[in-house]
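The values are calculated or read from the model by the stated rules, or taken from the named source; none is laboratory data. All values derive from a computational prediction rather than experimental measurement. For neighbour counting, all protein chains shown are included, and Cβ atoms are generated from backbone atoms with ideal geometry for every residue, glycine included. Keep in mind that these areas ignore ligands, DNA and RNA; they rest on the heavy atoms of the full protein, side chains included. Shrake-Rupley method; radii C 1.70, N 1.55, O 1.52, S 1.80 Å.
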Amino acid sequence: MPNVFVTTSWDDDDRSGLKLAELLSQYGLRGTFYVPTGRLGGDSLFSRGDLRSLAAAGFEIGGHTVSHAILPDLAPAERDREIGECKSTLQEIVGTDVRMFCYPKGRRNPHVEAAVKRAGFLGARSTEMLTTRSTFDPFAMPATIQAYPHRPSNYIRGLIRLGAFGTLMKAASDLLSFENWLQLGKKQFDRVQREGGVWHLYGHPWEIEKLGLWSQVGELFAYVGQRGGAQYVTNGQLLELVRKKISVRSEDQASASSRSAVQ
């Protein structure tokens with residue numbers, strides 16, 4: 001059977017993330033919550049206790065800067081502070097290493113990626129969508145679908161901006177038959193079931209609340225959840241599994257090359 005990985009990730013500090021976590025648990029799904037730390041405890045926002053509860057329930061807590069700053073716009077010292085202080089604050093709250101990071105609005109460049117690595121993060125999620133591949137740059141982890149009613153043109157523009165033309169070509173048939181984001185998410189999951197790979201849903205709980213998408217999100221969770229053979233993981237766990245898979249493949253290739261040389 002193909003290797004099928006299912007992961008989800010959720011951005012920002014809105015307390016509606018707790019409702020999202022309950023829905024994920026209902027369908028046996030895992031997830032990573034990327035949280036900016038500057039406003040914790042404010043009205044309708046996560047408290048420190050909320051983050052500890054999420055971590056205790058098996059969800060991963062990831063960094064998302066202090067103030068949700070657009071990192072390429074910052075001077076180096078301020079960029080480092082936004083990234084490093086966020087990590088140390090979250091680790092103090094949850095009592096474990098915070099390994100994953102998410103770029104606010106997906107904005108990154110080589111300087112930003114280098115700063116995230118220096119801070120001690122092991123990987124970072126981007127906003128590239130319609131991707132189901134199981135090999136990727138750990139500091140540009142792609143996603144498959146966003147819980148948001150995008151138009152096909154939104155996906156196309158986003159992939160072109162990122163230079164992800166291979167992804168765009170592979171998703172062309174799905175975009176041509178596009179009905180809505182929910183149907184697209186199901187079709188992408190069906191492909192992963194057939195071919196193997198990663199199905200990664202991301203979104204913003206406050207956006208789901210604002211747009212009244214809870215029933216659609218629940219329908220998608222019911223569709224992808226509790227499938228035999230699928231591995232349900234956090235973003236950090238996915239990164240570990242992908243690295244192990246690449247390591248095993250490299251060892252097998254080296255062994256095969258060695259045997260060939262002997263023969």
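Summed over the stretch 68-103, the residues that are closer than 24 Å to residue 49 by Cβ and touching a His at 6+ places or on another chain (Cβ under 8 Å) give a count of 3. Helices (runs of 4 or more DSSP H) fully within the stretch 181-225 that include at least 2 residues being in contact (Cβ under 8 Å) with a residue 24 or more places away in the chain and touching a His at 6+ places or on another chain (Cβ under 9 Å): 181-195. Checking the stated criteria, residue 122 turns out not to satisfy the condition of being surrounded by 16 or more Cβ atoms within 10 Å (Cβ to Cβ) and either free of Cβ contacts under 8 Å to residues at least 60 places away in the same chain or of a type in the set (Gly, Ala, Ser) (or both). Evaluated against (1) buried (at least 16 other Cβ atoms within 10 Å of the Cβ); (2) closer than 22 Å to residue 205 by Cα, residue 19 falls short on exactly one condition, (1).
Restricting attention to the stretch 174-205, and to residues there that are farther than 18 Å from residue 5 by Cα and of a type in the set (A, V, I, L, M, F, W, C), which single residue is most open to solvent (accessible area, probe 1.4 Å)? Ranking the candidates gives 176 first.
Listed by first and then second residue, the pairs linking a residue in the stretch 151-173 that is under 12 Å from residue 127 (Cα atoms) and open to solvent by less than 30 Å² (accessible area, probe 1.4 Å) to a residue that is in a helix (DSSP H, G or I) and not hydroxyl-bearing (Ser, Thr, Tyr), with Cβ atoms under 7 Å apart and 6 or more places separating them unless they lie on different chains, are 155/175; 159/168.
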